[in-house]
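Worksheet for the structure shown next.
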Amino acid sequence: MRRSIAGIALGVAATLAIPLPAALADSGSSSLSGGGGSSSLSGGGSGSGGGSGNLPSYSQWISDVTTVANAAQSYLTGAIPGASKPAIVFDIDNTVLETQYNPGPITPAIPPMLALAKWAKQQGVALFFVTGRPSLLNIYSQVNLTAVGYSPTQVYGGGLTTGSSGAAALEAYKTATRVSIEGQGYTIVANIGNSASDLAGGHAQQTFKLPDYDGALA
């Protein structure tokens, strides 16, 4: 309980000190290289939302995310049964939490991604969350994820400057983390994120890219 309270307090402090999207969200280019097969949706959008004129409305964003989540579940239905210790790796910001559209100390889950994660958990899949947020925020991230309905197997955070060091640094860190997860005997059946740096570098059977609207959604 003390750890949870400390984590929430740390998260509130971070939220008050700096805007969540700029400070915590991973960044990367909208192009994707490396890895296995992929399914993506990264086109532009119109309207307003999330504080940027380049972003679509919230309802359009959820519709776009739902398309990718449905494709992921369709793939996983066939991939999970034959995998040894199946696992999914998720990014956090704007992949499983509504960081851009609904920031706050406890950021809401993205409904279609929460549904996918819960379904996968019921199939016996381990859920790993690999974020560019500093690792000192891991407790806060885990508290937030758990509070909104996710069941993290483990949360991985980067170094103090990983999230602000560019796409190459994020890609290297996230790839190394997936290698570490595989070293624990897991088969990463899917890697899901909204930036190219979340997905490049391999070490996943399939990648699924959520929309970033040409980099407007970090």
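Residues are listed down the side, and each one gets a yes or a no for (1) β-branched (Val, Ile, Thr); (2) buried (at least 24 other Cβ atoms within 10 Å of the Cβ); (3) on the phi > 0 side of the Ramachandran plot:
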{"position": "Thr146", "(1), (2), (3)": "yes, no, no"}
{"position": "Gly183", "(1), (2), (3)": "no, no, no"}
{"position": "Ala190", "(1), (2), (3)": "no, yes, no"}
{"position": "Ala200", "(1), (2), (3)": "no, yes, no"}
{"position": "His203", "(1), (2), (3)": "no, no, yes"}
{"position": "Gln206", "(1), (2), (3)": "no, no, no"}
{"position": "Pro211", "(1), (2), (3)": "no, yes, no"}
{"position": "Asp214", "(1), (2), (3)": "no, no, yes"}
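I need the full set of residues from the stretch 116-145 which are modelled with pLDDT of 95 or more, assigned to a helix (DSSP H, G or I) and more than 14 Å from the chain's Cα centre (by Cα), in order please.
Listed by number, the residues that qualify are Lys118, Trp119, Ala120, Lys121, Gln122, Ile139, Tyr140, Val143.
Restricted to the stretch 57-85, and to residues that are modelled with pLDDT of 95 or more and not in a helix (DSSP H, G or I), which residue is surrounded by the fewest Cβ atoms within 10 Å (Cβ to Cβ)?
Ranking the candidates gives Pro81 first.
Quick one: in the stretch 146-178, of everything that is in contact with a helix residue (DSSP H, G or I) (Cβ under 6 Å, 6 or more places away or on another chain) and among the β-branched types (Val, Ile, Thr), which residue is modelled with the highest pLDDT?
In this case the residue turns out to be Val155.
The values are calculated or read from the model by the stated rules, or taken from the named source; none is laboratory data. These numbers come from a predicted model, not from an experiment. In this analysis, Cβ positions are derived from the backbone assuming ideal geometry, glycine residues included, and neighbour counts consider all displayed protein chains.
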